[in-house]
Amino acid sequence: MDRRTRTRHLIELGGLVQKAGLVDLADDDRATIYGALLELVGKARSDEAGDMLTLWKRRGKRAFEAEAETGKANA
């Protein structure tokens, strides 16, 4: 991945953290945000994870779709 593409990718990921509300919830504390993300990874890798990634993917898609519909309604 070239530098520009990687930078754009990282900015988009940061935007998702913001969009999800984690920045406000953690009062913009990077240690708290990092800890929360590590907790998610730990849960997703555990034996009890089951279909957790599938659930998260569905939830994310629904949120993106709802946001797109809201954007269309406001246009």
(request) Would you mind pulling out the separation of the Cα centroids of segment 52-74 and segment 2-24, in Å? (result) 17 Å
(request) State in Å² the accessible area per residue of segment 1-57; use a 1.4 Å probe, count heavy atoms of protein chains only, and round to the nearest integer. (result) 88 Å²
(message) Can you match semi-axes √(5λ) of the Cα gyration tensor in Å to one of these, (i) 24, 14, 10; (ii) 23, 19, 15; (iii) 32, 13, 8, based on a calculation from the structure here?
(response) (ii)
(message) Quick check: at a probe of 1.4 Å, how many percent of the accessible area of the chain sits on carbon and sulfur atoms?
(response) 55 percent
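The values are calculated or read from the model by the stated rules, or taken from the named source; none is laboratory data. All of these numbers come straight from a predicted model, not from anything done at the bench. When the accessible area is computed, the model is the full protein with side chains, heavy atoms only, and any ligands, DNA or RNA have been set aside. Shrake-Rupley method; radii C 1.70, N 1.55, O 1.52, S 1.80 Å.
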